[in-house]
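J.: Let me give you the structure first, and then I'll get to my questions.
The values are calculated or read from the model by the stated rules, or taken from the named source; none is laboratory data. Bear in mind the structure is a predicted one, so any value in this text is a computation, not a measurement. Virtual Cβ from ideal backbone geometry, glycine too; neighbours counted across all protein chains shown. With ligands, DNA and RNA removed, areas are computed over all heavy atoms of the protein, side chains included. Shrake-Rupley method; radii C 1.70, N 1.55, O 1.52, S 1.80 Å.
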Amino acid sequence: QVQVVESGGGLVQAGGSLRLSCAASGSIFSIDGMGWYRQAPGKQRELVAGINRGGLTNYADSVKGRFTISGDNAKNTVSLQMNSLKPEDTAVYYCNVNIVPRSYWGKGTLVTVSS
């Protein structure tokens with residue numbers, strides 16, 4: 001079994017920064033990729049940023065240039081540095097861990113950006 005735990009959410013004013021962290025633990029041999037998704041009220045969950053085992057990253061267009069994802073393969077952790085936050089970034093952020101062929105999710109952490 002794999003456990004995924006996020007931390008670092010909170011309330012911040014527009015233009016501010018937050019850093020989200022995620023740690024995976026349990027029966028892990030090798031993680032193929034990790035990522036951050038978010039779900040705003042009334043909207044579908046969407047990919048924010050992802051990173052694979054080789055360090056290749058991808059971002060949603062809406063966060064490019066503002067968010068940075070980084071990972072540590074040895075520690076099974078991933079972080080998301082979020083700068084220049086906007087009210088539309090308000091959502092529950094979920095960490096996703098891919099260990100092919102399965103995918104594991106954390107319970108989410110709330111990010112609220114006030115205008």
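J.: Only residues that are surrounded by 10 or more Cβ atoms within 10 Å (Cβ to Cβ) and either over 15 Å from the mean Cα position of the chain (by Cα) or small (Gly, Ala, Ser) (or both): list them for segment 38-52, please.
T.: Ala40, Ala49, Gly50
J.: Among all residue pairs at least 6 apart or on different chains, which show Cβ distances below 7 Å where the first residue, located in segment 45-60, is of a type in the set (Lys, Arg) and the second is open to solvent by 40 Å² or more (accessible area, probe 1.4 Å)?
T.: Arg45/Tyr37; Arg45/Gln39; Arg53/Asp32; Arg53/Asn73
J.: Next question. Regarding Val5, is this residue in contact (Cβ under 8 Å) with a residue 60 or more places away in the chain, touching a strand residue (DSSP E or B) at 6+ places or on another chain (Cβ under 6 Å), part of a strand (DSSP E or B) and not charged (D, E, K, R)?
T.: Yes; evaluated as a whole, the condition is true for this residue.
J.: Are any of the residues in segment 31-51 of a type in the set (Val, Ile, Thr) and not in a loop (DSSP other than H, G, I, E, B)?
T.: Yes, the conditions are met somewhere in segment 31-51.
J.: List the pairs whose first member sits in segment 78-91 and is hydroxyl-bearing (Ser, Thr, Tyr), whose second member is assigned to a loop (DSSP other than H, G, I, E, B) and open to solvent by 10 Å² or more (accessible area, probe 1.4 Å), and whose Cβ atoms are under 7 Å apart, counting only residues at least 6 apart or on separate chains?
T.: Here the result reads Ser84/Gly15; Ser84/Arg66; Thr90/Ala40, each pair linking segment 78-91 to a residue that is assigned to a loop (DSSP other than H, G, I, E, B) and open to solvent by 10 Å² or more (accessible area, probe 1.4 Å).
J.: Another question, if that's okay. Could you tell me how many of the residues in segment 54-113 are charged (D, E, K, R), outside any loop (DSSP other than H, G, I, E, B), open to solvent by less than 60 Å² (accessible area, probe 1.4 Å) and within 15 Å of Leu18 (Cβ to Cβ)?
T.: Qualifying residue count, segment 54-113: 1.
J.: Now a separate question. Give segment 19-37 a look and list any residue that's open to solvent by 30 Å² or more (accessible area, probe 1.4 Å), in contact with a strand residue (DSSP E or B) (Cβ under 7 Å, 6 or more places away or on another chain) and among the hydrophobic types (A, V, I, L, M, F, W, C), or say none.
T.: Listed by number, the residues that qualify are Ala23, Ile28.
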